[in-house]
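Each remark here refers to the structure printed beneath this line.
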Amino acid sequence: DREEMQRRWRVLDAMYLSDEIVSAEDVAEKEHINDRTVYKDLNAAIYDLSGLFFGIDLSDVFWY
């Protein structure tokens, strides 16, 4: 799980934070994962970041 978390942040860094323009295919090849996994990792990392930026997870606030 920790390795997966670290990979998510590496993928996020490579795709959006790096000065160099990198495609999802290049990241997938470097990380030895599928292209689809790159996008899944990005979604998970962005979800984690939104909790840090906004401080709460709204799904915990609302009771259905």
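The values are calculated or read from the model by the stated rules, or taken from the named source; none is laboratory data. What you are looking at is a predicted structure, and each value in this text was computed from that prediction instead of being measured. All Cβ positions, glycine included, derive from the backbone under ideal geometry; neighbour counts span all protein chains shown. All accessible areas refer to the heavy atoms of the entire protein, side chains included, with ligands and DNA or RNA removed. Shrake-Rupley method; radii C 1.70, N 1.55, O 1.52, S 1.80 Å.
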* Matching residues, the stretch 11-28, being surrounded by 12 or more Cβ atoms within 10 Å (Cβ to Cβ) and assigned to a helix (DSSP H, G or I) -> Val11, Leu12, Asp13, Ala14, Met15, Ala24, Asp26, Val27, Ala28
* To do: Please tell me if Asp60 is open to solvent by 50 Å² or more (accessible area, probe 1.4 Å) and at pLDDT below 95.
  => yes
* Asked: Within the stretch 29-39, how many residues are open to solvent by less than 40 Å² (accessible area, probe 1.4 Å) and of a type in the set (Asp, Glu)?
  -> 1
* **Every pair of residues 6+ apart whose Cβ atoms lie under 8 Å, when the first sits in the stretch 40-52 and is more than 11 Å from Leu12 (Cβ to Cβ) while the second is open to solvent by 20 Å² or more (accessible area, probe 1.4 Å)** => Gly51/Asp57
* To do: Scan the stretch 39-48 and give yes if some residue there is part of a helix (DSSP H, G or I), charged (D, E, K, R) and at pLDDT below 95, otherwise no.
  => yes
